[in-house]
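Q: My questions will all concern the structure given below.
The values are calculated or read from the model by the stated rules, or taken from the named source; none is laboratory data. As the structure is a prediction and not an experimental result, all values here were calculated from the model. All Cβ positions, glycine included, derive from the backbone under ideal geometry; neighbour counts span all protein chains shown.
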Amino acid sequence: MIRVALAGLRHHKLRTLLTSVAIALGVSFLAGTLIYRDTAEAAFFVDLARPAANVDVAVEPRGGAGYGFERRVDESVPDVVRAVPGVAAVDARRTGELGVLDRNGRVITSEGYVGMAVSLPSVPELAMFRLVSGTLPDARGEAALDEPTVRRLGIQPGESFTVIDRAGKRRQLRLSAVVDYGASIPFAWFTVVAVGDADLTALVKPRGYAEVVATAEPGVSAEELTRRVRDAVGSGEYRVLAGDDLRWQLARASAKYAEGLLNTLLAAALVALVVSCLVVRNTFTILVAQRTRQLALLRCVGASRTQVFGLVVAESTVVGLVASAAGLAASAGVGRLLILGRDLFGDAVPDHSLVVRPVTVAAGLVVGVLTAIAAGVLPALAASRISPLAALRDGPEPRAATRRRLVVAARSVGAVGLGVLGLAVMAVGRRPGMGFSGTPIILAGAMACFVGIVVALPLVIGRLTALVGWLPARLFGITARLAGSSAARNPGRAAANTTALMIGIALLTMFTVVLDTARVQGERELDENFPIDFVVDPIPYSGSRQLPGKMVADLSARPEIGLVALTRTAPAWANGYQTTVSAIDPGDASIAGSIEVMAGSLADLGPGTVAIRRGLAYEVGLGVGDDVDLSSWDAPGPARRIVALYDDSPTRGDALVTWADLNRQFGKVAGDEVLVRKATSTSVDAAHAALDAVLDTYPLVSVESRAERKAALDKELDKRLSQFAGLLSISTIIAVLGIMSTLALSILERTRESATLRALGLGAGQLRRVFLLEALFMGLVAALLGVGFGVGAGWVTAASLIGTYGHGSPEVPVLQLVGYVALATGAAMAAGFLPARRATRTAITAAMADT
């Protein structure tokens, strides 16, 4: 039977190719994802471990290297390490906070924090960086800068840039070198200025060392040197690591660079493989139907049911092997494309040669073969049931009416049961307070509902096709009616094709609804949280985070600025819950009036009262009219009556009291932000220019506008949607190829039918139109079902999140979804073009003689 299977595959090369393409694409995506993961991890390992290059032993403060400035190695440790036998060279690394000013005179920050200054290596081979261009500093006033900061400043070696020292004074440094620290934390996040010891002391006045590293003399192993250094410095206050351990510690962070995207890629690869399985199963189902007489003849000459079953499974196994090999051959290209396209998903992967591990090859082969076998099992079972008498019939075996009724009943019960189960699970995920934790539950319920739709689809696909074909039937007449009748004649085949395409459209629609809702909700939250045009925040520096004293007065003096409101926030306890309490300058009541109040009224906020955020109210279990004990960290406070619950506020605190009450209970708390609103007759750009002019003398503050936040939100959500669309495009391509394959095989199966229609007067163009419309109907039904399901699942998911974190209703971007429907139907019609063209090329007499 193996020889029979191989002979059949050789004889029908086109059929084998069409069957293999879907598996090959799925395997190439899966293996390419694994190649991407291995390559990215290797690249990040090298990149992240760069500060530990050539290091044999390192001494760090207990809890990690002191690059965060709060932990230090004592001044005496470098001398202790130098005195250890076997130490060849030592580098004591100093660091300190140092702000670099951008071209607009603002301090460059990351996550609200300034950059750092680091010492130059005392031993070149122990440098934390790679020299990109220029020469390392060798005189006062020279500095080396990290590559991203140089690009941001737009300067070249020899030009100057400005830093702000610990005393708040601006200093000019000349750029002598551009260096690369790799992706190592914290160097990948901050601006990093490397200067000589004299400049380092003058600029940041460092204390102690962040880390002390050393190399071993020839003949001394890193493990032995580590043991000696550990004995010399002790292990109580410090942590002594071998070089390999330090490199591994630094490089472990690579997981966070690769794992998030990797999980998404693997999920998309799984979807692609599921679609591949559906396409291949549909193809084998058609093949078995076309070969009924051949398989029955095998039964007549003595083949058992088991042998016929094994024949079809053997064919699917060979197809899986061939397709997996082709997919693996293409996977290196897929992996390279994923790496090149990484900037679409996150941080760029450092340059590294592709890493192809044996486990990746094995995984691709195993998954591809198992997918093909799984796709061929049900058609193989159907083939094994073909009786020898079928060889004498001219057509498919009749199906017992009783069996048809049992199948319909089973599908109906299964579909209803899955639907009810899915809706019940989704209801559990929508319970109040579930928030993001309820999202996986909702998605699990949605998956059950989707499977229910798939189970029921063969029962309704004929009616659905007739429904979408109603208008074309009026426009195109007999050709549209013939195209629509195909689904009714072969509901299982039509349902499988529809399901394959529906999966990608449904997922993309669901993500689109959720992300568009997030966009609208985010902009609404910004409008509610930003009842002003700009927020000015102090930047933490030199151990403090304070607003300059004169800044508020200077801003208020500008005619382009209409309102300036100072807010203050203090740490507090509310009924034992750690929280924060804020107050707004009492002269700016319009700001308080813009806070979104959920219950009660801020007009009642006065001495001895408090308004609290809705989330805090949920935690403490209190509402309007209740009393809450609001205490400072060092002294208990009086019970305050809750007069309002609010959801969104421009203040940082979770509780709001009057300005006088904050001063009375919490003392003279420093201002933590300034809220700025432009003058009525002034444009936002003019107000922004006036703001920048004032803040030019205050570099240690940051400015954020509502427009900038909205632009950043739109950019992030567009990026996420592009990710999902790109990843799901693979499964959509496979589904479209499945339509092409099904139509091509269907045309072979219906050769005599097509010839008869031609003989009765149907023109070649009309016959071609029949198959094109058939593809169109499949694509349209799949798109409409996918969009419908995606809208429902996305709506429930978005509504659940809105109920927990905001208010309003989910958004449905109708025009975008119409575009998805048009794209899916257009792709389906394009897939039907070549099979339709092939159908008109066979001579009528030859086709009618074909058995």
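Q: Would you point out the residue of the stretch 564-575, among those that are part of a strand (DSSP E or B) and touching a helix residue (DSSP H, G or I) at 6+ places or on another chain (Cβ under 7 Å), that is nearest to residue 677 (Cα to Cα)?
A: Restricting to residues being part of a strand (DSSP E or B) and touching a helix residue (DSSP H, G or I) at 6+ places or on another chain (Cβ under 7 Å), the top hit is 564.
Q: Somewhere in the stretch 466-474, is a residue buried (at least 21 other Cβ atoms within 10 Å of the Cβ), part of a helix (DSSP H, G or I) and of a type in the set (Gly, Ala, Ser)?
A: Taking every residue of the stretch 466-474 in turn, none turns out to be buried (at least 21 other Cβ atoms within 10 Å of the Cβ), part of a helix (DSSP H, G or I) and of a type in the set (Gly, Ala, Ser).
Q: From 260, 243, 327, 341, which residue is within 29 Å of residue 22 (Cα to Cα), at pLDDT 70 or above and not basic (Lys, Arg)?
A: Going through 260, 243, 327, 341 in turn, just one is within 29 Å of residue 22 (Cα to Cα), at pLDDT 70 or above and not basic (Lys, Arg): 327.
Q: Taking the stretch 82-106, which residues are of a type in the set (A, V, I, L, M) and within 20 Å of residue 206 (Cα to Cα)?
A: 90, 92, 98, 100
Q: Which residues, taken from the stretch 165-191, are at pLDDT 90 or above and hydrophobic (A, V, I, L, M, F, W, C)?
A: Listed by number, the residues that qualify are 173, 175, 177, 178, 179.
Q: Right, another one. In the stretch 664-702, how many are touching a residue at least 24 places away in the same chain (Cβ under 8 Å), part of a helix (DSSP H, G or I) and closer than 30 Å to residue 620 by Cα?
A: Residues flagged as touching a residue at least 24 places away in the same chain (Cβ under 8 Å), part of a helix (DSSP H, G or I) and closer than 30 Å to residue 620 by Cα within the stretch 664-702 amount to 2.
Q: Still on this structure, I have one more. Please find, among 643, 694, the residue that is buried (at least 16 other Cβ atoms within 10 Å of the Cβ), among the β-branched types (Val, Ile, Thr) and more than 27 Å from residue 599 (Cα to Cα).
A: When all the criteria are applied, what remains is 694.
Q: Right, another one. Taking the stretch 704-723 on its own, how many of its residues are within 23 Å of residue 559 (Cα to Cα) and crowded, with 18+ Cβ neighbours inside 10 Å?
A: 2
Q: Go over the candidates 207, 252 one by one and state the one that is surrounded by fewer than 18 Cβ atoms within 10 Å (Cβ to Cβ), under 23 Å from residue 141 (Cα atoms) and at pLDDT below 90. I'd like the intermediate steps shown before the answer.
A: Working: 252 fails: under 23 Å from residue 141 (Cα atoms).
Going through 207, 252 in turn, just one is surrounded by fewer than 18 Cβ atoms within 10 Å (Cβ to Cβ), under 23 Å from residue 141 (Cα atoms) and at pLDDT below 90: 207.
Q: Now for a different question. Would you mind stating whether residue 198 is part of a helix (DSSP H, G or I), surrounded by fewer than 15 Cβ atoms within 10 Å (Cβ to Cβ) and not acidic (Asp, Glu)?
A: Working: part of a helix (DSSP H, G or I): yes; surrounded by fewer than 15 Cβ atoms within 10 Å (Cβ to Cβ): yes; not acidic (Asp, Glu): yes.
Yes, satisfied.
Q: Looking at the stretch 644-652, is at least one residue among the acidic types (Asp, Glu), under 20 Å from residue 612 (Cα atoms) and assigned by TED's automatic domain parsing to the domain that holds residue 576?
A: yes
Q: Restricting attention to the stretch 227-247, which residues are in contact (Cβ under 8 Å) with a residue 24 or more places away in the chain and closer than 16 Å to residue 55 by Cβ?
A: Hits for the stretch 227-247 are 228, 229, 233, 238, 239, 240, 241, 242, 243, 246, 247.
Q: Restricting to the stretch 384-412, what's the tally of residues that are small (Gly, Ala, Ser), touching a Lys or Arg at 6+ places or on another chain (Cβ under 9 Å), in a helix (DSSP H, G or I) and modelled with pLDDT under 75?
A: Residues flagged as small (Gly, Ala, Ser), touching a Lys or Arg at 6+ places or on another chain (Cβ under 9 Å), in a helix (DSSP H, G or I) and modelled with pLDDT under 75 within the stretch 384-412 amount to 2.
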